[in-house]
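Novice: Have a look at this one.
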Amino acid sequence: MNSLIKEPKESHKEQLSSFLAHIVQGARTELYLTPKPGLVDLLDSGSHEDLNLVNMSRSICLLEEYRAELVSAKSLDDMVQAGIRAEERMMSLLGTNTHKGFIFLMGLLTDAYSRCSGIPSLCELSERCAEASASLFKDEREPGSCGAAVRKEAGIGGIRGECLNGLPTVLDKALPVMFSVYEETDNYPLAAFHCLAKLMSVTEDSTAVKRCGIEGLTTLRNSGFRLGALLERGDVPFNELIDMNEKFKAINLTMGGTADLFGITAGLFSSLHRRIIKF
């Protein structure tokens, strides 16, 4: 698990395009993984009255257009402007926030990748992500923002802290779990659920806090620990996951940050395997 996808004779731009294609595929993996507590999947819309499978699928198609713009970007400002346009398209065509967090993370990974002279190792990608985040956040004034208030209430760093630290939840926790289970079982859905369980138990998910306070984050983490324990039996506990989803819906709990990090993890996993992995 040393370096990301590498094809001989590709230019750096072509390598970036290939890398981002895997990241977009990660968003598809996140959407279609079923069942998931509180999130849109093939069964229902979880705790999201404003979202559904069709619009989420359309949103991923919009990510492909965003990918093309990111590959053509020549500077950080170009990437930021591409992200703004991607959000505007999302809101204009879908009328709601489908993949706003994922748009940001794609842009961040593009900037990080572009800071490397060749195909980065995971360690280098983490370092470049931290550098890119420092640049993106250095002029941000947000002491009174909703996000800052949520993070302060829960004592967490949220996605901001995750990015500034080089995506450790993805690279040091979730991705190793996904690789370990997949290499042991050759079962991609099982590996994906193990990865989701790990992320549920460790992600500093500010969406959960915004919806349900600190108690929501505690519920999310406890559910992740329980799911992980159930998965150790070697199969996917569908009935238990459906029960978790009903409990999440009952209290309006969701886990947008966890979903975004899962999509990024699945995309990196696909990239490291040098092929688009689908269910």
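The values are calculated or read from the model by the stated rules, or taken from the named source; none is laboratory data. Here the structure is a predicted model, which means the values were calculated and not measured. Cβ atoms come from the backbone with ideal geometry, glycine included; neighbour counts cover every protein chain shown. Ligands, DNA and RNA are stripped out before the accessible areas are found, and what is left, the full protein with its side chains, is counted by its heavy atoms. Shrake-Rupley method; radii C 1.70, N 1.55, O 1.52, S 1.80 Å.
Novice: So, ILE242, is that one open to solvent by 10 Å² or more (accessible area, probe 1.4 Å), within 25 Å of LYS100 (Cβ to Cβ) and in contact (Cβ under 8 Å) with a residue 60 or more places away in the chain or not?
Specialist: Numbers: open to solvent by 10 Å² or more (accessible area, probe 1.4 Å): yes; within 25 Å of LYS100 (Cβ to Cβ): no; in contact (Cβ under 8 Å) with a residue 60 or more places away in the chain: yes.
No: the conditions fail for ILE242.
Novice: I'd like the full set of residues that are touching a Ser or Thr at 6+ places or on another chain (Cβ under 7 Å) and closer than 17 Å to GLN15 by Cβ, limited to region 98-119.
Specialist: Across region 98-119, the qualifying residue is only ILE119.
Novice: Okay, next question. Name the one entry in ARG67, ARG85, ARG58, ARG89 that is without any contact (Cβ under 8 Å) to a residue 24 or more places away in the chain, in a helix (DSSP H, G or I) and among the basic types (Lys, Arg). It would help to see each step written out before you state the result.
Specialist: Details: ARG67 fails: without any contact (Cβ under 8 Å) to a residue 24 or more places away in the chain; ARG58 fails: without any contact (Cβ under 8 Å) to a residue 24 or more places away in the chain; ARG89 fails: without any contact (Cβ under 8 Å) to a residue 24 or more places away in the chain.
Unique residue meeting the criteria: ARG85.
Novice: Between a first residue in region 180-198 that is farther than 12 Å from ASP235 by Cα and a second residue that is at pLDDT below 95 and open to solvent by 20 Å² or more (accessible area, probe 1.4 Å), which pairs have beta carbons less than 9 Å apart while being 6 or more apart in sequence or on different chains?
Specialist: Close Cβ pairs (under 9 Å, with a partner that is at pLDDT below 95 and open to solvent by 20 Å² or more (accessible area, probe 1.4 Å)) amount to TYR182/HIS273.
Novice: Further, regarding this structure: Need pairs with beta-carbon distance below 9 Å; first residue within 16 Å of LYS36 (Cβ to Cβ) and within region 217-229, second open to solvent by 70 Å² or more (accessible area, probe 1.4 Å) and hydrophobic (A, V, I, L, M, F, W, C); sequence gap 6+ or separate chains.
Specialist: Here the result reads THR219/ILE251, each pair linking region 217-229 to a residue that is open to solvent by 70 Å² or more (accessible area, probe 1.4 Å) and hydrophobic (A, V, I, L, M, F, W, C).
Novice: Test of understanding: among ILE84, ILE119, which residue is at pLDDT 95 or above and among the β-branched types (Val, Ile, Thr)?
Specialist: Details: ILE119 fails: at pLDDT 95 or above.
Exactly one residue qualifies, and that residue is ILE84.
Novice: Listed residues LEU94, LEU108, LEU125; which is of a type in the set (A, V, I, L, M), closer than 23 Å to SER57 by Cα, touching a Cys at 6+ places or on another chain (Cβ under 9 Å) and touching a residue at least 24 places away in the same chain (Cβ under 8 Å)? First the steps, then the outcome.
Specialist: On the way: LEU94 fails: touching a Cys at 6+ places or on another chain (Cβ under 9 Å); LEU125 fails: closer than 23 Å to SER57 by Cα.
Result: LEU108 is the single residue among LEU94, LEU108, LEU125 that is of a type in the set (A, V, I, L, M), closer than 23 Å to SER57 by Cα, touching a Cys at 6+ places or on another chain (Cβ under 9 Å) and touching a residue at least 24 places away in the same chain (Cβ under 8 Å).
Novice: GLU184 - would you say it is charged (D, E, K, R), over 20 Å from the mean Cα position of the chain (by Cα) and open to solvent by 70 Å² or more (accessible area, probe 1.4 Å)?
Specialist: Here the answer is yes, as GLU184 does meet what is asked.
Novice: To continue, here is another question. Can you tell me how many residues in region 1-39 are at pLDDT 90 or above and within 20 Å of the chain's Cα centre (by Cα)?
Specialist: Of the residues in region 1-39, 24 are at pLDDT 90 or above and within 20 Å of the chain's Cα centre (by Cα).
Novice: What is the one condition in (1) in a loop (DSSP other than H, G, I, E, B); (2) surrounded by fewer than 22 Cβ atoms within 10 Å (Cβ to Cβ) that THR98 does not satisfy?
Specialist: (2)
Novice: Against the definition (of a type in the set (Ser, Thr, Tyr) and touching a Pro at 6+ places or on another chain (Cβ under 9 Å)), how does TYR113 come out, yes or no? Steps first, please.
Specialist: Working: of a type in the set (Ser, Thr, Tyr): yes; touching a Pro at 6+ places or on another chain (Cβ under 9 Å): yes.
For TYR113, the condition - of a type in the set (Ser, Thr, Tyr) and touching a Pro at 6+ places or on another chain (Cβ under 9 Å) - is met.
Novice: Need at least 1 residues that are on the phi < 0 side of the Ramachandran plot and basic (Lys, Arg) per element, so show me which helices (runs of 4 or more DSSP H) inside region 174-279 make the cut, counting only ones lying wholly within it.
Specialist: On the way: elements: 175-185, 188-202, 206-231, 238-250, 256-272.
Per the criteria, 188-202, 206-231, 238-250.
Novice: Could you grab me the full set of residues in region 27-49 that are outside any loop (DSSP other than H, G, I, E, B) and open to solvent by 30 Å² or more (accessible area, probe 1.4 Å)?
Specialist: Kept after step one, since they are outside any loop (DSSP other than H, G, I, E, B), are these residues of region 27-49: 27-32.
The answer is ARG28, TYR32.
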